[in-house]
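Each remark here refers to the structure printed beneath this line.
The values are calculated or read from the model by the stated rules, or taken from the named source; none is laboratory data. Remember, it's a predicted structure, so these values are computed and weren't measured experimentally. Cβ coordinates were reconstructed from backbone atoms using ideal geometry, including for glycine residues, and neighbour counts include every protein chain displayed.
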Amino acid sequence: MKLTLKAGAYRGGGVILGLVPAGRTPSQLRIGGVAVPTLTVPEVVGEIIHTKVGAADLLLVSVGLASKCTTETIRQAAGIAAGWMRARSVSKGGLDCSPLASLGIGGAVAAACEGLLLGDFTFERYKSNPGKRKDAQVAVLVDRIRSADRRALAVATATCAGTNLARQVSHEPPNELTPVSLAAEARKLAGKWKLKCRVLTESQMARLKMGGILAVGKGSAAPSRLIILEYGGRSSGPPVVVIGKAVTFDTGGYSLKSTDTIVGMKYDKCGGTAVLGLMRAVGELKPKCRVIGIIAAAENMISEAAYRPDDIVRMMSGKTVEIVSTDAEGRLVLADALTYAQRTYRPRVMIDLATLTGGIVVALGRVAGGLFCEDDGLRDALLESGQRTHERLWPMPLWEDYDRLVKGDDADLKNSGGRWGHPVIGGVFLKSFVDSKIPWAHLDIAGTAKVDEAKPYCPKGATGFGVRLLMDYLMGL
Ligand SMILES: [Zn+2]
């Protein structure tokens, strides 16, 4: 979908979309310049009234009760409208948010744009008969075009394109999308958005003694890759480094997953694909700060070369790790990426995101990601970005009480500490690879990276969680 700003009444054809609060429509309400007859708008967010006024095709979409309306209900209503348009192959329209103006919600128009752009996403490239509609063109109607509107639309467009890119790559099946082809995607992106891209092969990682990521990928015919995307920023100084786990398929290795839990493990790359989508948005929006995106990509398979429980692996940091579960592989690939990031960039802030543990899904469901962070400023900033974007996080502890659970018997550490508190154990394991002077946050997004059923602005599957959240954070720096 392509959005453009337009001042004044709408005459572009297709549908006229009005986002309106629930209740009787006020007299003399005009949507896109069309006089709306008196109607009762339902309370359910996203419920649609489709009516004709003369030749105009009018779509009124409820944002719920005025008293409960937020940027999120606006996003949802617009997302449902985008789905409605797609389902009916409507390729043109005008969006009028003016009925929301009296509610005084900051960012209402931007949220509506986000809802449209995100709600328009589909993944159909493997279908024999994909939807044939060309990219829809929607005019965002304003009384006059202000530079703030231009900026808001540019931000929404770039972050949603990043989110949809993350979704698209996440949906790619593991027989097509390997660490090597993920690296090719990153290279393509770097070329388009003028980022620097470096890809470390297995022999280069062996020279750097990255025993963790190499152990995880050993069982796969597809070699592992460490993918680095650099954005130079408009100011010098140490960068923000964002690291994503991209296990392109996770069988669990010899700690094999069950028939039920192995399905959907292509989504174990969603931390990495979020970094890819984020760097696309960074390349377009050019924030002030330097940003480095690192994607640790490996496939966790079984073969005679695969690593096994009881192995002791030497990590890039020099620490040794006893393998208790080959299914706790994400922390191994991330730990080496964290060490690499610290040695190469001396980051001002380091954030990793990963579909790390099933335990975080048990704890928080599909509503919020787990936030592990002991730096107050970074934690607060990420929580606020989560609220603004509705990619919400909830704080989890990293107390020293948990440290003994990752102490190895015959090695420095072990990679799993049993069932109790295992999302925290994942965080504590990673913490032992981070210099305590560097503000660092670990986001466990196993619950939020995908949805099992369609949501107002996200079809079933990958959500792209993290792109809008982290872009909001980066633009605040
Ligand atoms: Zn696993």
**OP:** Confirm whether T248 is assigned by TED's automatic domain parsing to the domain that holds M205, β-branched (V, I, T) and over 30 Å from M475 (Cα atoms).
**Re:** no
Subject >> Criterion: part of a helix (DSSP H, G or I), within 16 Å of the ligand (Cβ to nearest atom), under 29 Å from L165 (Cβ atoms) and at pLDDT 95 or above - qualifying residue of L332, L353 >> reply: L332
**OP:** List the strands (runs of 3 or more DSSP E) that sit entirely inside the range 213-300 and contain at least 3 residues that are within 16 Å of the ligand (Cβ to nearest atom).
**Re:** 240-250, 291-300
Original post:
Which of the residues that make up the range 311-329 are away from the ligand (no atom under 12 Å from the Cβ), of a type in the set (D, E) and within 22 Å of G358 (Cβ to Cβ)?
Top reply: E322
Original post:
So, in the range 448-477, of the ones that are of a type in the set (V, I, T) and under 24 Å from M85 (Cα atoms), which residue ends up farthest from the chain's Cα centre (by Cα)?
Top reply: V451
Subject >> Among (1) buried (at least 22 other Cβ atoms within 10 Å of the Cβ); (2) among the β-branched types (V, I, T); (3) within 15 Å of the ligand (Cβ to nearest atom), the one test that T339 misses >> reply: (3)
**OP:** Answer yes or no: is there a residue in the range 373-390 that is touching a residue at least 24 places away in the same chain (Cβ under 8 Å), surrounded by 14 or more Cβ atoms within 10 Å (Cβ to Cβ), part of a strand (DSSP E or B) and assigned by TED's automatic domain parsing to the domain that holds R308.
**Re:** yes
